[in-house]
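K.L.:
Take a look at the following structure, please.
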Amino acid sequence: MAGSQLKQLKEALKSKGLIGQTNIKKKNKKSKTPSETRRNDKQEVIGEIRDQFNQFDHRINRTKHDVTIIQGGKFVKLGSKQHNDATRSHSTAQKTMKMQYDLEKSSKGRAGGMVDRRFGENNKHLTAEEKMLERFTRERQASSKKRSVFSIESDNEDDDDLGGFTLTHSGKALTLDDEDEMGLPEDGLGSSITVRYVDEDQLEAEREQEGQPARKKTKKEVMKEVIAKSKFYKNQRQQEFKKAQDDIMDLDDDFGDVMQELGTVQQPRVVIKPKTAEELEYDSKVRELTYDRRSVPADRTKTEEEVKKAYDEKMKKLETDRLRRMNGLDVDDRAAEGDDLDDEFWAGSDEDEQDGFALKDSEEDREDEGSSEEDEEETATTGTRFGRTLAVKKQVVSIPSTHDDFVNSLKEIEEERQPAYVKKIVETYKPNLAEGNKERMNVFVGVLFEHVLYLSNQETSTAGSSSSTLLEQLMEIIKKLSESYNQVLVENIRLEINEIQERIVNDSIVKRDLVFFVFIGYLFSTSDHYHLIVTPTVILMNQILTTVVYSKDTSVSQIGRGLFVADIMLNYQRFSHRYVPEVVNFLQKAMLLLVPEATKIPQESRGSLFSTSNIINSSKISISKSEKFSAYNDSNVTLSISQLFEDDESAQFKFNLLVKSLYLVDKLASLWKEKSALIEIIEPFIVILKHMVKYYATTLPQIATILNKLVKIKTNLVKERKPLTLQHHRSLAIATFAPKFEENFNPDKKSYDINRERQELNKVKNELKKERKAALKDIRQETRFVAGQQIAEKKQMYDAYHKKMAHIVNTISTVEGAEKNEYEREKKQRKNKK
């Protein structure tokens with residue numbers, strides 16, 4: 001067909017008889033046009049012409065190149081019949097799922113069907129023979145059951161006279177042959193009947209003799225018997241109650257006479273015999289067992305190895321937590337409870353009992369209690385009952401809420417008995433004894449802390465005195481109590497820190513401040529990276545040392561207090577080994593101020609911080625080279641806190657301070673021996689020690705020992721120290737992997753495993769894996785299909801609903817419009833008539 005698309009379309013329409021002249025009659029016309037046959041064929045012809053001219057709507061599977069793929073383990077050609085099998089199977093699966101879905105939908109919500117209730121059909125564990133045998137047994141049992149005595153069915157299957165039925169009366173068969181069985185008289189039916197009632201018991205006895213079953217009672221008879229028995233028992237109870245009431249009335253009438261006779265009878269006197277020693281010992285043992293704690297079966301006695309292992313694990317855990325806190329890692333520490341304190345702390349001691357603050361009963365108390373039972377007169381005067389003595393309450397103590405109240409309560413107590421008094425207060429106000437004791441104990445621990453600082457500030461608190469021993473005992477008590485009651489204690493410590501800061505600024509620190517620094521290190525862990533109490537305390541001590549370092553007019557007492565603080569600071573770092581530059585600078589200045597002729601030390605060794613002018617201005621506190629001192633055997637020297645606050649500028653006191661600083665230099669060298677910068681730290685001290693050897697070689701022989709130690713450390717560190725360099729990596733070749741070839745390769749062989757059983761097992765596993773994947777794929781496909789069908793049904797339901805509503809609305813609108821038009825016409829007609 002040539003020409004344009006328009007010409008081709010006209011030609012096609014004309015050839016089909018759709019356009020042009022259609023009423024021309026041609027001879028020899030074999031076929032008729034669509035218009036000559038049916039009008040419906042016109043649309044089909046137009047559709048064919050449209051499809052013919054719309055070539056782009058046709059889809060033709062063509063491949064530029066022949067491509068072979070693997071499908072189902074076989075090589076198939078892309079676009080071939082085998083390749084399209086998956087599409088056909090998919091359509092088949094769709095039809096199957098559609099049928100299954102329609103079947104389930106049709107049976108949904110319906111109940112019914114035949115249920116096989118025959119014996120054994122629902123029990124899959126029975127064989128066919130067992131089912132048949134059991135059915136036969138049950139059938140015979142059912143047929144062998146005896147029928148009711150009133151049944152009209154015949155028990156004799158061979159009785160064919162009445163069709164298998166026999167009439168009975170009172171359990172006997174009614175027959176014309178034997179009239180005696182019916183209980184009729186000998187004269188026959190026409191004679192008069194003298195017996196009108198029948199004895200049921202006699203009939204029952206006759207039935208038992210004849211071997212017939214007993215007659216079953218009717219429901220009416222049973223109920224009559226129940227009612228009769230109930231009335232009988234009720235009447236019997238009423239008679240018994242009436243008789244009991246009569247007896248009570250008789251006793252009430254004679255009660256006065258009975259009591260009068262009882263009053264005339266002389267009662268024997270009860271004599272309480274004293275208990276023997278065995279009975280007293282028995283009572284004591286029973287009392288001990290009463291207060292003993294019951295043993296728990298789960299808590300068995302551990303061996304020494306288990307106890308040691310548990311202790312080691314606990315200490316290991318505590319050390320791990322401490323290391324985490326020291327490194328700045330967060331650790332959730334469990335708050336200590338009130339029962340975490342040791343039992344020995346609450347139990348008391350023999351000394352406490354002698355002081356009058358016993359915490360547990362002793363054997364003497366029990367003996368005294370037993371002896372008091374023996375004396376009746378003493379028992380009567382002390383307010384006893386039934387021969388037993390009442391427990392005498394011990395001295396009751398009150399817990400103070402302020403420090404002034406606590407000081408007033410200690411005025412009448414000797415200093416040696418004060419720790420026992422404190423323990424008695426703690427024992428009396430345990431949290432589990434009364435409500436509110438925990439809050440009172442929190443306040444009391446803060447009061448104890450304030451009292452320790454109060455005692456330390458007294459003039460008599462010198463080293464080796466009784467007050468020092470009291471301080472140590474109170475600090476131990478506060479240490480144990482702080483594990484459970486630390487809320488108020490922490491608040492008081494924070495307030496004390498603020499007060500110490502003000503005193504440091506005004507250069508007016510007191511004795512309690514130094515004791516406070518020692519006490520904080522005793523209460524809390526000083527190795528933590530950050531601590532709410534320890535960190536501010538360390539800052540305060542560094543502030544004290546820095547004030548001395550940068551002060552132009554330094555006194556001997558300031559140096560002494562600074563040495564005390566430096567010693568505490570080094571003790572704080574005994575676990576964490578953190579470097580504190582304030583301690584190094586202070587010790588360097590203290591030694592330069594105390595050694596004789598410090599100006600002879602070169603300026604380069606002293607550093608820019610300690611210039612010659614500073615040394616000269618403070619040369620008045622240096623030790624004279626002409627002073628002679630006794631030899632020291634130990635490098636450490638003990639100084640009391642009171643001496644540090646006295647204006648003692650004697651040469652001996654200065655020399656003691658110099659010995660103390662020498663001890664601290666040795667201590668910091670051992671503490672920071674692992675630091676790589678220790679060379680720069682100890683270099684100034686090496687120079688100062690070499691200068692001191694000239695004056696005190698014989699007086700302080702330990703100077704040479706410490707000097708040799710520092711020099712040896714410096715030499716070793718210089719050898720080990722290396723300059724910083726970039727990292728040098730060894731040249732590495734690029735990793736190469738040789739391909740693995742199988743000599744006897746076979747594409748059909750799935751495994752090269754020698755073990756046959758393992759090969760079969762892997763084969764089964766692979767098949768199971770494939771089956772599982774296929775099953776999951778089918779389930780997902782079915783789920784998607786069901787979801788699609790449900791969505792389609794919902795859309796169809798919604799469309800039908802909207803169509804119905806639109807039809808209703810249109811109908812209403814049409815009716816309303818017609819009525820409206822009728823109304824308008826009627827109105828217009830009436831108007832025209834007027």
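Please treat every number below as a calculation from the coordinates, not as lab data. Only a predicted model underlies this, so the values are computations on that prediction, with no experimental measurement involved. So basically every Cβ, Gly included, is an ideal-geometry build from the backbone, and we count neighbours across all protein chains shown.
K.L.:
In nm, give the distance between the simple-model label positions of D51 and Q473, each being 7 Å from the Cα along the Cα-to-Cβ direction.
P.N.:
Reported label-point gap for D51 and Q473 is 11.7 nm.
K.L.:
To continue, here is another question. Using a Förster distance of 60 angstrom, determine the FRET efficiency expected from the C-beta separation of Q245 and Y101, and round it to 0.05. Write down the numbers at each step before the final one.
P.N.:
On the way: r = 84 Å, r/R0 = 1.40.
Taking R0 as 60 Å, the efficiency between Q245 and Y101 is 0.10.
K.L.:
With only alpha-carbon atoms counted, please give the Rg and Dmax of the range 769-834, in Å.
P.N.:
Rg, Dmax (Cα atoms, Å): 28.3, 97.
K.L.:
Specify whether the C-alpha gyration tensor of the range 409-516 places it in the rounded, prolate or oblate class, a ≥ b ≥ c being the square roots of the eigenvalues: rounded for a/c under 1.5, otherwise prolate if a/b is larger than b/c and oblate if not.
P.N.:
On the way: a/c = 2.64, a/b = 1.32, b/c = 2.00.
Note, shape of the range 409-516 comes out oblate.
K.L.:
Collect residues whose amide H, placed 1.01 Å from N in the peptide plane, falls under 5 Å from the amide H of Q71; neighbours closer than 5 in sequence don't count.
P.N.:
V76
K.L.:
Follow-up question, since we're still on this one. What is the ratio of the Cα radius of gyration of the range 505-720 to 2.2 N^0.38 Å, with N the residue count, to two decimals?
P.N.:
After normalising by residue count via 2.2 N^0.38 Å, the value is 0.99.
K.L.:
Please sort 449-457, 700-708 by packing, taking for each peptide the average over its residues of neighbouring beta carbons within 10 angstrom, highest first.
P.N.:
Details: 449-457: 19.4, 700-708: 16.4.
Final packing ranking: 449-457, 700-708.
K.L.:
Apply the Karplus curve 6.51 cos²θ - 1.76 cosθ + 1.60, θ = phi - 60°, to the phi angles in the range 766-776 and return the couplings in whole Hz, x for Gly and Pro.
P.N.:
Values, residue by residue: 5, 5, 5, 5, 5, 4, 5, 5, 5, 5, 4 Hz.
K.L.:
Cα centroid distance between the range 495-555 and the range 739-766, in Å?
P.N.:
78 Å
K.L.:
Still on this structure, I have one more. Tell me, in nm to one decimal, what length is gained between E771 and V510 on full extension, where the rule is 0.36 nm per residue of separation less the Cα-Cα distance?
P.N.:
Once the chain is fully extended between E771 and V510, it gains 85.2 nm.
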